[in-house]
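Worksheet: one structure, shown below.
The values are calculated or read from the model by the stated rules, or taken from the named source; none is laboratory data. Because the structure is predicted, anything quoted here is derived from the model rather than measured. Neighbour counts run over all protein chains shown; Cβ positions are idealised from the backbone, glycine included. Heads up: the accessible areas ignore ligands, DNA and RNA and are worked out on the full protein's heavy atoms, side chains in. Shrake-Rupley method; radii C 1.70, N 1.55, O 1.52, S 1.80 Å.
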Amino acid sequence: KKSAIFASIYSQVLLSLLVSILFIVTFGIAIFSILRQKKLDTVKTDFVNNMTHEFKTPIATIKLAATAIKSPQVSKETISGMAEVILQETSRMTQHVEQVLQIATLDRNGLKLNLTDEDANAFVRDVASNMELQVTQKGGHLTVDTCDGEVHIQMDSVLMTTVVMNLLDNAIKYSKDAPEIHVTTYTKGDRFFFAVKDNGIGMSKDAQAKVFDRFYRASTGNTHNVKGFGLGLNYAKEIVLAHHGIITVNSTVGKGSTFTVSLPLTLKDINYE
């Protein structure tokens with residue numbers, strides 16, 4: 001009797017169970033989609049607000065400079081100074097636009113590498129020397145210590161220049177009044193490492209976990225002159241990953257940060273010991 005009853009309701013119980021599982025899965029996916037969409041909306045709003053602020057400031061500065069130039073009593077020295085201000089602010093806006101376009105290109109086509117064999121030590125020294133003036137203008141020091149000899153890696157020098165300059169630029173922006181930045185290179189096994197260390201405001205553990213996320217910008221405390229869209233480190237990470245590399249950060253609040261990039265060596269420079 002029990003077997004007959006169970007057999008008669010078996011299909012109904014199984015169907016009910018499947019429907020319940022389907023309902024739970026569908027409900028879970030819907031909740032996940034809603035939360036994800038809410039997060040994306042928040043990110044989009046923050047990005048638009050930040051972008052508006054970043055462009056509003058240089059536009060206002062350019063307008064003031066242009067108004068000063070139009071004055072009939074302005075001297076040649078003032079005109080020259082105002083022209084320099086306009087040039088700097090225009091350059092800053094151009095950098096912002098290029099950064100946004102780079103991310104759009106990355107999403108649409110992915111990164112296409114033009115690999116060449118480069119001496120990594122010489123490459124890091126050259127890029128760092130281009131940023132040295134910005135450090136000295138703020139009363140700081142930039143030191144570069146590279147390992148001995150030539151170290152060859154296959155890389156896209158244009159894209160990798162963006163990575164190094166981005167790390168140095170962040171070190172300058174987030175450092176204290178007089179930035180002390182130390183760049184080091186070394187090899188270990190079949191990898192080449194370069195690290196950028198600063199004496200800046202540092203980051204919490206939570207910020208370190210999110211710092212490479214797109215549009216993420218860590219809280220800067222009392223530092224209000226830090227500009228950007230939260231795209232630079234995300235773009236740097238994508239470039240490093242495309243080179244089969246790794247980028248990490250180690251930071252302590254109030255004591256500074258160290259960003260380290262690891263890249264594979266070419267065969268002739270690999271240490272098999």
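Values computed for the structure shown
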read-out	value
Convex hull (Cα only) mean projected area of the range 144-187, reported in nm² to one decimal	3.7
Rounded Å value of the spacing that divides the Cα centres of the range 155-202 and the range 6-23	60
In nm, spacing of pseudo-spin labels at Ala30 and Ala242 (7 Å Cα→C-beta vector)	4.1
Cβ-derived FRET efficiency at R0 51 Å, Ala178 paired with Gln73, nearest 0.05	0.85
Three-way shape label, the range 94-195, alpha-carbon gyration tensor, a/c 1.5	oblate
Per-residue ³J(HN,Hα) for the range 243-250, Karplus 6.51 cos²θ - 1.76 cosθ + 1.60, θ = phi - 60°, Hz, x for Gly and Pro	8, 6, x, 9, 10, 9, 9, 10
Extended-chain gain in nm, criterion 0.36 nm per residue less alpha-carbon gap, Asp41 and Asp206	57.3 nm
Phi-based couplings in Hz for the range 78-88 (Karplus 6.51, -1.76, 1.60; Gly and Pro marked x)	5, 4, 4, x, 5, 5, 5, 4, 4, 5, 5
Solvent-accessible area per residue, Å², over the range 153-196 with all protein chains present [probe radius 1.4 Å]	39
Inter-label distance for Ile59 and Ser91, nm, one decimal - labels placed 7 Å from Cα along Cα-to-Cβ	2.3
